[in-house]
Amino acid sequence: MGPAPDEVILDVRDLRKAFGGVKAVDGASFAVPRGKISGLIGPNGSGKTTTFNLLTGVAAPDGGQILYNGADVAGLRPYQTFALGITRTFQITRVFREMTVLENMLSVTGLGLPDRVARQRAEELIAFVNLGHLRGEYGGRLSYGQQKLLEFARALMTDPDLVLLDEPAAGVNRTLLQQLLEQIHHLQEQGKTILIVEHDMNVIMNHCERIFVLDFGVKIAEGRPAEIQRDERVIEAYFGRRRS
Amino acid sequence: MALLELADVSAAYGPIQILHGVSLHVDAGEVVAVIGPNGAGKSTTFKVIMGFINYLGGRMRFDGHDLVGQRPDRILALGLGYVPQGRVVFTQMTVRENLEMGAYLERDKAKVQAAMEWVFALFPRLAERLKQQAGTMSGGEQQMLAMGRALMTRPKMLMLDEPSLGLSPRLVDEVFDKTVEMARAGLTVMLVEQNAARALEISDRGYVLELGRNRFEGRGPDLLANPDVRRLYLGGAGGPVSAAPA
Amino acid sequence: MSRREHLRNLALIVVFGLALAVVPGTVSVYLRSFLMFTMMYVVLALSWNIISGFTGYTSFGHVAFYGIGAYTCAILVADYGWHWIPTLLAGAVVAALVALAIGYPVLRLKGPYFAIAMLGAAEGTRVIATVWDSLTHGGLGISFPNVENSFPTYYAMLILMVLTIAVAYVVGHSRFGVRLNAIREDEGAAEALGVNTTLYKLAAFGLSAIFPAAAGGIQAYKVLYIDPPSVFFVQITIAMALMSMLGGKGTVVGPIVGAVLLYTIQELTWVNFPTAHLIAYGLFIIIVARFMPRGLMGFAIDRGWARKGMVH
């Protein structure tokens, strides 16, 4: 039996996307529970990245639905899903390099706040990620880790309900990763929902309550970390199957 | 003496260190697999051997020659062949032209022709498609072409980087069959693979890397049967990181 | 930047404007003309900067809008008897509409493709001006009734310049400007932060078209005769781009400084080295491109003489 409707913030139904003749996503379905940290994993070529792009509006699906709080957001452009309360970060940081940290924060739209209040919020978030001393520095001059933090803070400007993190652990050292993870848990305690796409299994297994595993464009397993680690289909997806 | 030897090798991409003291060796005539979960540094191993990335330390020798600091074309001339990840072929060129590019270092036309004959013997399908533009070939055929091209220098050892990547199961079979065929023809093969089961199936020995370090090594069948190796892929072997915020 | 700093800057602009206002009566005809051209180039460089500097869509066809403004003024004055000042507004409106019309398809193109498409658009408007002779008098050009207009056109250009500076200033220091910069830096990331990039690009493009159009109208009226080659002059586009880049694209002060400096140098080399002036000019550009790729403002920011970023 699945979760009750209002407990599901993002209901992905039979999502499909093909590139040329290749079916990258072939009927993927999963329901992301509200207020929890969930993980979306899968080996290379599983369709995980394409699915993420479909959820964030970077690409439009060929079929299927993406129900956010009941409304279908499939095919909407990123700025539209953003306005509905979904934000995302990028695997390789995409901070605005020739703009200051503060300007990066203020580039966000839809705040509906007067300048002074927006600025205050930006300063608070910059402080939250410990980048206060760099508020006037160009984004491009920050270290990679600092850029990750900036991108994270930037995604939080609108106080979104659903945060999609694209490989937050990529290229990040252990200390910074720990900091990021603490902040992620902090957000979850505030009632936000987080969906993490990751390769780093330790991050997924130790921080996600629910995990969805994709392979060949469909969901092959879902459950709690311990269940997933024991699941033969998942092990096979990652380790490979012997020749039949 | 091993044909290829890496002892305590470290390497980085710019500021990010990927390999932390990796050691392995490949003896002549062997098929050796290097496997491990994402981020293990498998492909990076090949890249540091070829001199493409920042070498930080350790010993690397091939056929008695020191590889450290050598230019890639010099390394190729020593008899090391390399098939990079992703079926890299010159899409605008024909099959023949791709193969000729593979023999770029060889001036002697007769030797180039002989190499091409040898490649055709191993990959008859390439002989059939000499004039075809590489970009119009299927994924599997492109992978064959990439391998054939690497063989044009008649290397002593071939390094295959993720040969099964992006290929359908049937094509994966073909690629691994060809690899076994090449090994039987006397080629020493080292392959990096994400499809660990298949790679170990055809390998004499294997190394399992995790986060840029050696974790396991042993004979192919032994690693295949070892449950700890599988668990590595899903983070089961690592200790839990504290989930509670400070 | 605080309220006080903004007011101080705007006051500076007004003072600067007033200084230029008292000048014309006291100087030679040549100098008056020189100042007027300089002011025109400030207008052009700042406008170009809005779409190419802030938004990052490098336009090599902005002269099209200048020409549209010139022709609108000429046609309405010479053929319909309008007073010249309202024609400037009309020209701005026409240019804005044309900008939105071409912008919609063309702003989807990236980088060099956009630049070339705009080059094509500029050439296209020149050809239309030549061929649609029932409207534009084609190759014959349009003559205005002769009138003494040295002072009125000077003041019109001065007011236009002050207006352009004010608008560029407001855009540059607002969140609207921050989002334009974000589009330049990384359009995909900007979209992921809620920026409707199509809308913003069109707005910037339209805004960047109206001031050159008005400038074109003023120039046309000053010179009292226009024809397609004289107003759709590709060198104008090159000049706007160079001035903006020399001064520092993406800033407000940059294009102003770049326009003044480059035009002055251009005039000096032309006067003093009439045969070699293009070479001297070219050399100067190469030196700047080599040693100050982010323009003079970039150089100043690196040295700490100016602050990083526009919104503080």
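Values in this text are rule-based calculations from the coordinates and carry no lab data. In this text, all values refer to a predicted model and were calculated from it rather than measured experimentally. As a convention, Cβ positions derive from the backbone with ideal geometry for all residues, glycine included, and neighbour counts pool all protein chains shown.
Taking the Cα centre of the protein assembly as shown as origin and assigning +1 to Lys and Arg Cβ atoms and -1 to Asp and Glu Cβ atoms, the resulting dipole is close to 960 debye. Dipole magnitude for region B:1-119: computed about the Cα centre from +1 point charges on Lys and Arg Cβ and -1 point charges on Asp and Glu Cβ, it is near 300 debye.
Taking the empirical scaling 2.2 N^0.38 Å for compact globular proteins as reference, region C:200-312 has a Cα radius of gyration ratio of 1.23.
Taking trypsin sites (Lys or Arg not before Pro) across region B:128-165, the ones in a DSSP loop with at most 10 further Cβ atoms lying within 10 angstrom of their Cβ are B:Lys131. Taken over the C-alpha atoms, chain B has Rg and Dmax values of 18.4, 70 angstrom. Considering only C:Phe233, C:Ala90, C:Ala192, and ranking their Cα positions along the charge dipole of chain C that arises from unit charges at the beta-carbon of Lys, Arg, Asp and Glu, the one farthest toward the positive end is C:Ala192. Computed from the C-alpha gyration tensor, the three semi-axes of the ellipsoid equivalent to region A:1-154 are 32, 19, 14 Å, from longest to shortest. Of the Cα atoms belonging to the protein assembly as shown, the radius of gyration and Dmax stand at 32.2, 99 Å. When the charge dipole of the protein assembly as shown is built from unit charges on Cβ atoms (+1 for Lys and Arg, -1 for Asp and Glu) and taken about the Cα centre, the candidate among C:Gly53, A:Thr56, B:Gln70 whose Cα reaches farthest toward its positive end is C:Gly53.
Radius of gyration (Cα atoms) of chain C, expressed as a multiple of 2.2 N^0.38 Å: 0.98. Residues within the reach of a label modelled at C:Leu283 (point 7 angstrom out along Cα to beta-carbon, backbone nitrogen below 20 Å), restricted to region C:257-272, are C:261-272.
Shown for B:Phe90, A:Phe216: other C-beta atoms within 10 Å of each C-beta, ranked fewest to most, produce the order B:Phe90, A:Phe216. Taking every DSSP beta bridge that has both residues in chain A, what percent is antiparallel when rounded to the nearest 5? DSSP beta bridges in chain A are roughly 60 percent antiparallel. In the protein assembly as shown, the DSSP-assigned H stretches of four residues or longer account for a calculated mean residue ellipticity at 222 nm of -15500 deg cm²/dmol, using -39500 (n - 2.57) per stretch and the full residue count as denominator. In chain C, a dipole from Cβ-located charges (positive for Lys and Arg, negative for Asp and Glu) runs towards its positive end, and of C:Ile301, C:Leu76, C:Ala276 it is C:Ile301 whose Cα lies farthest in that direction.
On the beta carbon distance between C:Leu224 and C:Tyr30, with R0 = 22 Å, the FRET formula returns roughly 0.80. Residues C:Cys73, A:Cys208, ranked from the fewest to the most other C-beta atoms within 10 Å, line up as A:Cys208, C:Cys73.
Cross-link reach is defined here as a Cα-Cα straight distance under 15 Å, omitting same-chain residues fewer than 8 places apart; for C:Lys201 the aspartates and glutamates meeting it are C:Glu185, C:Asp186, C:Glu187, C:Glu191. Between A:Gly27, A:Gly136, A:Gly64, the residue with the greatest mean-square fluctuation in the GNM of chain A (Cα pairs under 10 Å linked by springs) is A:Gly136.
Electrostatic bookkeeping for A:Gly70 treats Lys and Arg as +1 and Asp and Glu as -1; over the other residues with beta carbon under 14 Å from its beta carbon, the sum is -3.
Inverting the pair-averaged 1/r between distinct Cα atoms of region C:1-95 gives 16.0 Å as its Kirkwood hydrodynamic radius.
Packing, as the average of other Cβ atoms within 10 Å across residues, places the peptides C:86-98, C:144-156, C:251-263 in the order C:251-263, C:86-98, C:144-156, highest first.
For region C:14-59, the square roots a ≥ b ≥ c of the C-alpha gyration tensor eigenvalues yield an a/c of 1.5 or more together with a/b not exceeding b/c, which makes the shape oblate.
Structure remark: mean-square fluctuation, Gaussian network model of chain C, C-alpha springs under 10 Å; the largest value among C:Ala64, C:Ala192, C:Ala122 belongs to C:Ala192. Could you tell me what % of all Cα pairs in region A:94-244 have separations over 27 Å? That tail contains 33 percent of the Cα-Cα pairs.
Taking A:Phe96, A:Phe212, A:Phe52 in turn, the Gaussian network model of chain A (Cα-Cα springs below 10 Å) assigns the largest fluctuation to A:Phe96.
Pairs from the list A:Lys148/A:Lys192; B:Lys42/B:Lys156; A:Lys48/B:Lys156 with a Cα-Cα gap above 28 Å: A:Lys48/B:Lys156.
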